[in-house]
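Written below as structure tokens is the structure these notes are about.
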Amino acid sequence: MPHAKRATSSATILSGADVRTGLDSAVLQQAVLDHLYYSLGRLPAVATPANYYRALALAIRDRLQQRWIRTSETYFERGRKLACYLSAEFLLGPHLGNNLLNLGLEQAAREALTALGQDLDAILDCEPEPGLGNGGLGRLAACYLDSLATLQYPAIGYGIRYEFGIFAQEIRDGWQTERTDKWLSGGNPWEIAKPDIAYEVKWGGHTERYIDDDGAERRRWVPYRVVRGIAYDTPIQGYGVDTCNTLRLWSAEAAESFDFQAFNTGDYFQAVDAKLRSETITKVLYPNDEPAIGKRLRLAQQYFFVTCSLQDMLRILDLAGGAIEQFAEHFAVQLNDTHPSIGVAELMRLLIDERGLDWDAAWTITVATFGYTNHTLLPEALETWPLPLFREVLPRHLEIIYEINRRFLDEVRACFPDDSARVARMSLIGEAGEKQVRMAHLACVGSHAINGVAALHSELLKASVLSDFHALWPERFSNKTNGVTPRRFLALANPGLRALLDETLGASWPVDLGRLRELESHIDDPAFRERWRAVKHANKQRLADYVQAHTGIVLDPDWLFDIQVKRIHEYKRQHLNLLHIVTLYQRLKTYPAFSFPPRAFLFGGKAAPGYFTAKRIIKLINAVAETINADPEVNGRLKVAFVPNFSVKNAQLIYPAADLSEQISTAGKEASGTGNMKFMLNGALTIGTLDGANVEMRDEVGAENFFLFGRTADEVARLQGEGYRPADYLAGDDELKAVMELIGSGHFSGGDSEVFRPLVENLTQSDPFLVLADYAAYVACQEGVSAAWADQEQWTRMSIINCARGGKFSSDRAIAEYAREIWGLQSVPIQV
Ligand SMILES: *Cc1c(COP(=O)(O)O)cnc(C)c1O
């Protein structure tokens, strides 16, 4: 790719700028003082920990700057393919600790702050978390950014700069309440606004026909409204390398010129009102991990960030002097679920309407550019838009989608003659009831690659929701099992284990996670096992302190820590876990001599604000916790705690403290899971079903090191096909029956027999996720867990093996597969 010569290079600007770039603790200390004074206007004598946080963050951002600019400069000069990860969510977690780790600056920062009379851990704790995602899908995007930078791949993340991220959860009287997340209120030292990188976003209106200068017939979109998207860039520093990639988040602003009409007629307040309406587009993240059906604002958010991102790619291509026909050689665009799938129609619009390409050329480029990652099989979670809404918001895109569909259905008819049912099933427009635009179908038709996120999930995709697409284009399908970054979720979250791994394996394991295998040669060394247990014990004490500070509940780190943290969802079956707890409680109350190793059950997770069943499950967890924790007949062997506001920040305390990881979704419902991997890498054993990536984890670790229970995906489908009757399971199991009656009686709710009635009725009458069908197997499997825990030496061996065989689940492995098999991406080393 040709490039303009720069007048000044990074090197000439930076000579002698030590206080901005120096890496030793004395210079860092000076840099913090400089920022306190010059950027915050504070003297050390009056500076708060939050001020120190901000000053240190700015000092660290300075140290990223040279790498960041050099990285962009190098990508531009080398002109290699750029991976563009489009995601409506990035659940990043705090930046400071991660950047210190990736730059190798933790020790220097700690010394610098100590010299200033501050404690680094207290300073790190001041960072509000950028919670720009709901859960697994957004966290996956964040892990992938970390791996892309660490593996030195040219890449950019594109998303939305929500002013309010995922709500903060508080527990009042056992119920979830939501508080708005004002993560930007103290300023965001990590981002740099780039107001000169801004694009127009059209909205509504109509389309019209016109004849261009060459006499060709064309379409023009005449919008009702125009807003502007402004770029805010955040550095994504790789671990142990000089690559520093960019996360570019778009923020909506009023397009001033457009409202001049209102100014001219003197209606100043109408103009201001339009400005406010424009800016609502990026106000708030939808707090749901399923689509909010038919929400105009959500469609606006999706189109807004996708068009800004695609226009940005065109600008980059133009700057480099690349030909528009070469677009797909310059950019590989990955769609993280269907949220950005309007990109298929938008790239067609940009290429045809704005760049003058003909349909066939534009279509070839579009399909070569996009890849689509599917994250769910749940039919209610597949995004569709009511046709009238879609037409009102994006009239030109609807025309384009009709034309894509016309040509696509011709292809289907050619491959499968006389199969009108298939044509109806595959159409981009659903005709059953109210007409709908089917976004998953648009994503499939417009992408050369379609992947699921775990082996089982990819197989189920091909056999169920996308089976027609698989029959047409089997070559487009592949699997890319999810992964998690070992930097944040092992090295940063578990410093005790990091030290032991560094000492045992040397320093390269964070970028070569397969090396964890070498731990296995130490499992028969009692001294090593003792150290392994000491690390886990310290992590449990750290979590116990946190739980006591936030809930008042006191936990004993000698007990088995049994943990389930994830979004609250019926398919994830937190209520199955509860039924086991109530079973133990009931046994203890009935037979006081009943004996098992003491266990602390911990839960955490947010419920979508409108998901009433999930909220009632939270209430039941807290009600059971309150009853058990206050009862001296049982609280010497059982404790239950709900950790409020599960987030990346407290996740880093929780995963490393687990002995047992609960991964108990109804088989076939969890696409992959990534929490399961974080627990495993931190040495927890898993109790789980054959669902999502659990299947591959068990393959890696061996059946003897995994607590498996429950019906398989096939058995679940069969049972539901035959007509599942939960009452049969109730009738055949007196203990289960007693447990359900106890919950229904008001025993855990101060005699109130109404509050949990909806949950009891849900389980006993319909039980859509087969909780009762798997109950007996689960309880029996938990007895196996207790028996295994009784042999601490053997448990420790199993814990070490779980960590040792977790290397496959590094996001580095996943990203290397995407780069090679979907994106055709080459790494580009950066030299500062
Ligand atoms: C990893 C993670 C998730 C996903 O957890 P699952 O158990 O895979 O559902 C959700 N939220 C946070 C904060 C996480 O770190």
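Both the radius of gyration and Dmax for region 571-663 are 14.0, 43 Å, in that order, over alpha-carbon atoms.
Our note on the geometry: Cα centres of region 615-657 and region 308-340, 47 Å apart. Could you let me know the centre-to-centre spacing of region 544-601 and region 665-696, using Cα atoms, in angstrom? After rounding, the separation between the Cα centres reads 19 Å.
Of all aspartates and glutamates in the structure, those lying under 12 Å Cα to Cα from K737, and not within fewer than 8 positions of it along the same chain, are D728.
Descending by average beta-carbon neighbour count within 10 Å, the peptides 804-813, 381-390, 88-97, 403-412 line up as 88-97, 804-813, 381-390, 403-412, the highest first.
If r is the Cβ-Cβ distance from E178 to Q794 and R0 is 60 Å, what FRET efficiency results, to the nearest 0.05?
Efficiency for this residue pair is about 0.85.
Taking the alpha carbon gyration tensor of region 156-315, multiplying each eigenvalue by 5 and rooting it gives semi-axes of 32, 23, 17 Å, largest first. Excluding same-chain neighbours fewer than eight residues apart, the aspartates and glutamates reachable from K572 by a Cα-Cα span under 16 Å are D289, E290, E380, D562, E662, E670, D691, D767, D774. Overall, the chain carries a charge dipole of about 880 debye about its Cα centre when +1 sits on the Cβ of Lys and Arg and -1 on the Cβ of Asp and Glu, all other atoms neutral.
For the chain, the fraction of 1.4 Å probe accessible surface lying on carbon and sulfur atoms is 52 percent. Beta bridges per DSSP, both residues in the chain: antiparallel share near 45 percent. Helices in the chain that qualify as membrane-span-like (whole DSSP H runs, Cα extent of at least 20 Å along the helix axis, mean Kyte-Doolittle hydropathy of -1.0 or higher) are 49-78, 136-150, 296-319, 395-415, 574-590, 612-629, 771-790. When the trypsin sites (Lys or Arg not before Pro) in region 556-653 are filtered for DSSP coil states and for at most 11 other beta-carbon atoms within 10 Å of their beta-carbon, no site remains.
Length available on full extension from I211 to R20: 0.36 nm per residue minus the Cα-Cα distance, which gives 63.1 nm. Taking the centroid of alpha carbons for each part, region 68-146 and region 412-466 are 37 Å apart. The slack between A731 and R78, meaning 0.36 nm per residue of separation minus the straight C-alpha distance, is 228.1 nm. Partners of K202 within straight-line reach, counting aspartates and glutamates whose Cα lies under 17 Å from its Cα and excluding those fewer than 8 residues away in the same chain: E253, E256, D259, E279, D312, E346, D353, E354, E392, E399. When the pairs K283/K435; K182/K275; K283/K619; K566/K639; K669/K808; K566/K808 are compared against a 27 Å limit on Cα-Cα distance, K283/K435; K283/K619 fall above it. Annotation: Cα Rg of region 550-810 relative to the compact-globule expectation 2.2 N^0.38 Å equals 0.95. Using a probe of 1.4 angstrom and keeping all protein chains present, the accessible surface of the chain works out to 37 square angstrom per residue.
Calculated on the Cα set of the chain, radius of gyration then Dmax: 27.6, 92 Å.
Semi-axis lengths, largest first, of the ellipsoid equivalent to region 743-791 are 28, 17, 5 Å, with √(5λ) applied to each eigenvalue of the Cα gyration tensor.
The values are calculated or read from the model by the stated rules, or taken from the named source; none is laboratory data. Fair warning: this is a prediction, and the values are worked out from it, not measured in the lab. With ideal geometry, Cβ positions are generated from the backbone for all residues, glycine too; neighbour counts draw on all protein chains shown. To get the accessible areas, we keep the full protein, side chains included, count just its heavy atoms, and leave off ligands, DNA and RNA. Shrake-Rupley method; radii C 1.70, N 1.55, O 1.52, S 1.80 Å.
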